[in-house]
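Worksheet: the structure to be examined is printed underneath.
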Amino acid sequence: MSAVYLAGPINGCSYREMHDWRDDMTRRLNGHTVLDPSRRLHLDPADVVEADKTEIDASDILIAYCPKPTVGTSMEVLYAWERGKHVILYLPEGARVSPWLRYHAHHIHHHPIDVAAATITLGQPGPHVCGGCGYEIAAVGAQWCHTDLRSYAEGRHEPKPLQATR
């Protein structure tokens, strides 16, 4: 399994803004090593940055949640991209994102199921099945999508771990 670093807003965020999406993604990535920088808030700035860089170096994939512009998340994306890590942007619908972030991302997704699916299936041949709804997921260009639109109907997705199956 891969090591996944969860980049996203921390500075000026409430506890829920920092942790809700990270807790959800951690559940979805069951079996992966999830690296969460939000647990280092008590350290001085130099220690925070160096610890973040060390964890990004140790990761295979960086997921960047970008509901709003943040300097730290942008720096983490560039740092990961320059080191050949897979970068996945998680953008809520309607979120405005810099062309710099778009350029430095390998995948861009708007739904947490698709973010998890892209993470789990990187480098694995298909077919892949979503553990949340049971429908097949497939690559469509650079995007991982559910092949059956019924999977998005009526809130069928729950924060269950996805299992990539062959």
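The values are calculated or read from the model by the stated rules, or taken from the named source; none is laboratory data. From a predicted model like this one, the values you see are computed outputs, not experimental measurements. In this analysis, Cβ positions are derived from the backbone assuming ideal geometry, glycine residues included, and neighbour counts consider all displayed protein chains.
Name the single residue, out of those in region 69-94 being under 19 Å from residue 12 (Cβ atoms) and over 15 Å from the mean Cα position of the chain (by Cα), that is surrounded by the fewest Cβ atoms within 10 Å (Cβ to Cβ).
71
Which condition breaks for residue 69 when tested against (1) touching a Leu at 6+ places or on another chain (Cβ under 7 Å); (2) farther than 16 Å from residue 119 by Cβ; (3) outside any helix (DSSP H, G or I); (4) not β-branched (Val, Ile, Thr)?
(1)
Here are 38, 2: which of them is over 18 Å from residue 119 (Cα atoms), among the polar types (S, T, N, Q) and in contact with a His (Cβ under 8 Å, 6 or more places away or on another chain)?
Result of the check over 38, 2: 38.
For every residue, the table says whether it meets (1) of a type in the set (Asp, Glu); (2) without any contact (Cβ under 8 Å) to a residue 40 or more places away in the chain.
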| position | (1), (2) |
| --- | --- |
| 18 | no, yes |
| 25 | no, no |
| 29 | no, no |
| 46 | no, yes |
| 50 | yes, yes |
| 53 | no, yes |
| 57 | yes, yes |
| 80 | no, no |
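Starting from residues that are in a helix (DSSP H, G or I), touching a Lys or Arg at 6+ places or on another chain (Cβ under 9 Å) and acidic (Asp, Glu), keep the ones in region 22-66 and report whichever is surrounded by the most Cβ atoms within 10 Å (Cβ to Cβ).
Restricting to residues being in a helix (DSSP H, G or I), touching a Lys or Arg at 6+ places or on another chain (Cβ under 9 Å) and acidic (Asp, Glu), the top hit is 52.
Sort out which residues of region 31-44 are without any contact (Cβ under 8 Å) to a residue 40 or more places away in the chain, more than 15 Å from residue 83 (Cβ to Cβ) and either in contact with a strand residue (DSSP E or B) (Cβ under 9 Å, 6 or more places away or on another chain) or of a type in the set (A, V, I, L, M) (or both), and write them in order of number.
Within region 31-44, 33, 34, 36, 37, 38, 41, 43 qualify.
Does residue 161 satisfy the condition of being in a loop (DSSP other than H, G, I, E, B) and either more than 15 Å from the chain's Cα centre (by Cα) or modelled with pLDDT of 60 or more (or both)?
Criteria not met by residue 161.
How do the pairs read when you match residues in region 88-103 that are under 12 Å from residue 74 (Cα atoms) with residues anywhere that are polar (S, T, N, Q), using Cβ under 9 Å and keeping only pairs 6 or more apart or on different chains?
Going by the 9 Å Cβ cut-off, the qualifying pairs are 98/74; 100/74; 101/73; 101/74.
Identify, from the list 59, 38, 98, the residue that is hydroxyl-bearing (Ser, Thr, Tyr) and at pLDDT 95 or above.
Going through 59, 38, 98 in turn, just one is hydroxyl-bearing (Ser, Thr, Tyr) and at pLDDT 95 or above: 59.
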